[in-house]
Amino acid sequence: MPPEAPKYLLLGEVLRPHGVRGELRVRLLTAYPERIDKMKHVYLGSGSDDESPRTYDVEHMRMNTPYGLLKLRGIDDRDQADALRSLFVMVDLEHAVPLEEGEFYLYQLIGLTVKQQDGSILGQITDVLETGANDVYVVVSPQYGEVLIPVTDETIVRTDISAGELIVNLPDGLLPE
């Protein structure tokens, strides 16, 4: 069964103020940070399940690799910006970037049943680690314990969100004997 969609998707996390004019240094959590500058508004809250995040109009967003520098209307000095430290910058699902064919939101992958090509069930995805080279699916397997599966074209055969399954072709040596 696919997981329930969250109300909001995380775009970034406010780390600290940047400068004295209210800009926020943001740790980016989206594959499309350039889209934030084009958004009319964003939400700031404690996480994707926050019941009452605050809405802020976006003045601008610029990149300061690897961070984003976000300026919100009404946040005009360092103290106001500092009060937003550790909050998440979010977008509601309705205004999120449309996905391309073969792309998935991370929340859709959690709980998928992982099967090998021979039909044997390996386990369930419990987490997705975003590394520099490629993502890694954390699978909890009753037989093997925690298994880390690299997300590459060679290992991922098919992802079927509606069926709730991921079919994999594991390289030799990935599973313990």
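The values are calculated or read from the model by the stated rules, or taken from the named source; none is laboratory data. Computed from a predicted structure; not experimentally measured. So basically every Cβ, Gly included, is an ideal-geometry build from the backbone, and we count neighbours across all protein chains shown. Calculation scope for accessible area: heavy atoms of the full protein, side chains included, ligands and nucleic acids excluded. Shrake-Rupley method; radii C 1.70, N 1.55, O 1.52, S 1.80 Å.
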*Report yes if ARG16 is in a strand (DSSP E or B) and at pLDDT 90 or above, otherwise no.*
yes
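Listed here are the residues, each with its yes/no results for (1) touching a residue at least 24 places away in the same chain (Cβ under 8 Å); (2) among the aliphatic types (A, V, I, L, M).
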residue	(1), (2)
LEU69	yes, yes
ILE75	yes, yes
ASP82	yes, no
LEU87	yes, yes
HIS95	yes, no
LEU112	yes, yes
GLN116	yes, no
SER120	no, no
_Restricting to region 19-40, give me the number of residues that are assigned to a strand (DSSP E or B) and open to solvent by less than 50 Å² (accessible area, probe 1.4 Å)._
5
*Considering residues of region 63-116 that are at pLDDT below 90 and assigned to a helix (DSSP H, G or I) only, the residue most open to solvent (accessible area, probe 1.4 Å)*: GLU94
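Mind listing whichever residues of region 117-140 are modelled with pLDDT of 85 or more and not in a strand (DSSP E or B)? First the steps, then the outcome.
Within region 117-140, the first condition is being modelled with pLDDT of 85 or more, and the residues that meet it are 117-129, 134-140.
Of everything in region 117-140, those that are modelled with pLDDT of 85 or more and not in a strand (DSSP E or B) turn out to be GLN117, ASP118, GLY119, SER120, ASN134.
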*Could you list, in sequence order, all residues of region 143-157 that are over 19 Å from the mean Cα position of the chain (by Cα), exposed (fewer than 13 other Cβ atoms within 10 Å of the Cβ) and not in a loop (DSSP other than H, G, I, E, B)?*
GLY145, GLU146
_Residues satisfying the stated conditions in region 121-142, i.e. in contact with a Leu (Cβ under 8 Å, 6 or more places away or on another chain) and open to solvent by 30 Å² or more (accessible area, probe 1.4 Å)_ = GLN124, LEU129, ASP135
